[in-house]
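Participant: Would you mind keeping the following structure in view while I ask a few things?
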């Protein structure tokens, strides 16, 4: 690789760091070279227009594309920068819950409202056909309602997956405690085990799964076309 400038000098220690970094990012050679050459161009500009003397011995952090280049440098007496340390690092990969995902929006059209109503009617019809108890029907209806509210409110409506899991973690134990109190004959051991299971297993799993179904319903209804948004 040819350096874009001969004004910027690189110390032996920084040269060794550069060699090691180049080997570590061999699978991203073009990206690495673009980042490093861009950093040298900025330092070259600084040599022609020196920065504040108080900042001349401070590390310079430069971000290009996907890599982050941190250069430790000093400005020599002749006004040219000398790189004394080089460190590259890639930004952390996004987590499984941090990527873009569909969710219940804060505003939606009449099509989404109709689809949501039909889905509720179908769910209640299926539960009634299988003779599900009324408390279970109420718990599920409230669960879907709270999930929709959580996706549209929590985290600025930008992370529906995380919002659904958080809702499940809080809603399922509350629903279980309500059911246990209503039953009145749940032993203390079963009660404690049930609450723990709801918090760490049932809540996150059902929140993520049912939240995904709910978000998919709104996504399909939105793509199918809706009328004026409704607050």
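None of the figures in this text is laboratory data; all of them are computed from the coordinates on show. What you see is a predicted model, and the numbers here were worked out from it, not measured in a lab. Here the Cβ positions follow ideal geometry from the backbone for every residue, glycine too, while neighbour counts run over all protein chains shown.
Participant: Over the stretch 110-224, what is the mean sequence separation of C-alpha contacts under 8 Å (at least six apart), divided by residue count, expressed as relative contact order in percent?
Facilitator: Worked out over the stretch 110-224, it gives 34 percent.
Participant: How far apart, in nm, are the 7 Å Cα→Cβ label points at residue 220 and residue 16?
Facilitator: If labels sit at residue 220 and residue 16, their model points lie 6.2 nm apart.
Participant: For a test of the definition: using alpha carbon positions, the gyration tensor, and the 1.5 limit on a/c, classify the stretch 176-218 as rounded, prolate or oblate.
Facilitator: Judged from the Cα gyration tensor, the stretch 176-218 comes out oblate (a/c at least 1.5, b/c at or above a/b).
Participant: Per residue, how big is the convex hull of the stretch 110-224 when only Cα atoms are used? Give it in Å³.
Facilitator: Taking the convex hull of the Cα positions in the stretch 110-224, it is 103 Å³ per residue.
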